[in-house]
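Accompanying notes for the structure given below.
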Amino acid sequence: MSLHRRNCYIVACDVCHTEYTDPETDAVAWFPDEATAEQILRADRWMVLARHLPERFICPTDDEAHHALVDSLMPPEPVMQISGQLGFDGTEEPSR
């Protein structure tokens, strides 16, 4: 019998470090490549982010830590204040 070396991928949540398990067997799932892992995790409600980001995989757990990471990845909200209009904080945008 010969031995063959193969690489496999196991995915863990970047927030809680929970490993992805096969829903049918509850065993840790092994993937042959990143693309396959990404497809399967997206289909199972995981958030899969761009490959250049340090935190790429977020499981569907609904708690404060998971929300905090997602919120930190969002761009800042745009400031929508018309010239001369009072802002919510009581400041006035100067007229031009």
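Quick note: the coordinates plus some simple rules give every number you see, no bench work behind them. The structure displayed is predicted, hence computed values, not measured ones. Here Cβ is always computed from backbone atoms with ideal geometry, including for glycine, and neighbour counts include all displayed protein chains.
For the reader, a short list of remarks on this structure follows.
- Residues MET74 and ALA12, FRET efficiency given R0 of 22 Å [Cβ-Cβ distance, rounded to 0.05]: 0.45
- Fluctuation leader among GLU34, GLU55, GLU64 - the chain, Gaussian network, Cα springs under 10 angstrom: GLU64
- Distance (nanometres) between label positions extended 7 Å along Cα→Cβ at THR21 and GLU34: 2.7
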